[in-house]
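Just so it is clear, none of the values below were taken in a lab; they were calculated from the coordinates. Worth saying up front: this structure is predicted, and the values here are computed from it rather than measured.
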């Protein structure tokens, strides 16, 4: 699919996530920084909560929805602002999803 293959990078990854609060961040020094604060309602500024509930979903049961910003400065550059993201628990076995409920 790609004619260019970049060498792997090795380094520390700082990662923090709180699914219930819909907040996350990840940082790889010199390569990537991404933050996902809780969504806010444009009219009031109060926290806004949106969920996807898939009782028989094949990937997850419930996903909390958020938006965030990502900047990658490695070989593949990205600048994403206010983009869609979802937070969910994903538990799988050799037979597929392991139900969380």
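Descriptive notes on the structure:
- When Rg and the Kirkwood Rh are both derived from Cα coordinates, the Rg/Rh ratio for the stretch 14-97 amounts to 1.03.
- Taking the stretch 14-97 and dividing mean pair separation by its residue count, relative contact order in percent (alpha carbons under 8 Å, at least six apart): 24 percent
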